[in-house]
Every structure is written in structure tokens, then in C-alpha cells.
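K.L.:
Let me give you the structure first, and then I'll get to my questions.
Just so it is clear, none of the values below were taken in a lab; they were calculated from the coordinates. Just so it is clear, the model here is predicted, and its values are computed rather than measured. Cβ placement follows ideal geometry from the backbone for every residue including glycine, while neighbour counts extend to all protein chains displayed.
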Amino acid sequence: MPNPPFPLETLRYWYVTPLGGRSYELAVDQIGILRAALEANTELDPEVDRVRIGLLGQRNARPVLFDEPFELVPLDATRPEALSKSPLGEVVLPEAEDVIRRPFPRPRDGDPILINSVAARRFPVDPKRLEEAIQALFREERGRRPAS
């Protein structure tokens, strides 16, 4: 059996794949992709990596720290309903209404979805620890400013 064609790596750690559909088998903080497609076409490690998602061609105006990352679920026979929506490596989203948050419109089946794992690769620490470190730096800087 040939390798599935999706996801496609467009830039280092950025992947594009069509939306295959939505599934009740995924939690609100999970996205699913055919296991064979993840293994053949990406460097993503579902055990470690957390990803951001968006619509291809739409700029994400929110800072990375305001986005909640998604867990990658390698789809196989344990989630048959979700698996049926990713035969070529399409991404499957949970049934939740606003998974891709504003300002993006709600994606439709077939829309190209961007999967961004740059933060997971560049900042391999716990994202909450990174957020806390940045907030501490801001507090420290505010404390150094002279009162006006």
C-alpha cells in the first residue's frame, strides 16, 4: 500500500492537510490523523508534540501563549469513526464548535488546515512553564521601572 499523500510539510514543522471531518471520538483538545500518515509524512511525535492549528492562508493574530495546543491522536482501529475520516491523512477535528478559534471562520470539510509544531520543536519545555517564565520576566521589568 503506498504512503498516504497528507500531511504535506510546507515549511519546517508546518504541515498542511485537508479537513476530513469531525468526530465525537476526539476530546476538545485533540486532533486526529491517520497513524500511517503521521509516521510516513511528518516528524511529529504524538507522545510529545502539541500543535497549533489554523486555516491555511489566514493569519493568526493571537500570540502563541494565548493558544491552547492540541494533542495529536494517531488514528487507528481504536477510533473507527474518526479513522474513517482520515483515509489519506486528513486531519479530523473534535465535534466542539470553535476548535479553530476566532478570527477564523468555522472550517468546512476539505478546507486546508495548517498544523504548526514549531513551538513544540523550538521550545521543548512544558508550555505552561514557558508562559510562567515570560510572565515572571514582565513582572520583574515592571518592578524596575521608576515610579512616575
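K.L.:
For each of Glu39, Glu68, count neighbouring Cβ atoms within 10 Å of the residue's Cβ, then give the residues from fewest to most.
P.N.:
On the way: Glu39 13, Glu68 10.
The order, fewest Cβ neighbours first, is Glu68, Glu39.
K.L.:
Separate question: At 0.36 nm per residue, minus the direct Cα-Cα distance, what do Glu68 and Glu131 gain on full extension? Give it in nm, one decimal, please.
P.N.:
Details: separation 63, 0.36 × 63 = 22.68 nm, distance 1.16 nm.
Between Glu68 and Glu131, full extension yields an extra 21.5 nm.
K.L.:
Sorting Thr42, Thr10 on the 10 Å Cβ count, fewest up front, what's the list? Before the final figure, lay out each step's value.
P.N.:
On the way: Thr42 23, Thr10 13.
The fewest-first ordering by Cβ neighbours comes to Thr10, Thr42.
K.L.:
Check which residues have an amide H placed less than 5 Å from Ser84's amide H, if you skip close sequence neighbours.
P.N.:
Close amide H contacts, sequence-distant or interchain: none at all.
K.L.:
Follow-up. Taking neighbour counts of Cβ atoms within 10 Å as a proxy for exposure, in what order, fewest first, do Asp111, Asp49, Asp29 appear?
P.N.:
Numbers: Asp111 16, Asp49 21, Asp29 13.
The order, fewest Cβ neighbours first, is Asp29, Asp111, Asp49.
K.L.:
Next question. So if we plug the beta-carbon distance of Glu47 and Asn3 into 1/(1 + (r/R0)^6) with R0 = 25 Å, what FRET efficiency do we get, rounded to 0.05?
P.N.:
Details: r = 21 Å, r/R0 = 0.85.
After rounding, the FRET efficiency stands at 0.70.
K.L.:
Could you pull out every residue, at least 5 positions away or on a different chain, whose amide H is within less than 5 Å of the one on Gln30? Hs are placed 1.01 Å off N in the peptide plane, and Pro or chain starts have none.
P.N.:
Close amide H contacts, sequence-distant or interchain: Glu71.
K.L.:
Next question. What residues have an amide H closer than 5 Å to that of Asp45, excluding those fewer than 5 places away on the same chain, when H is modeled at 1.01 Å from N in the peptide plane?
P.N.:
none
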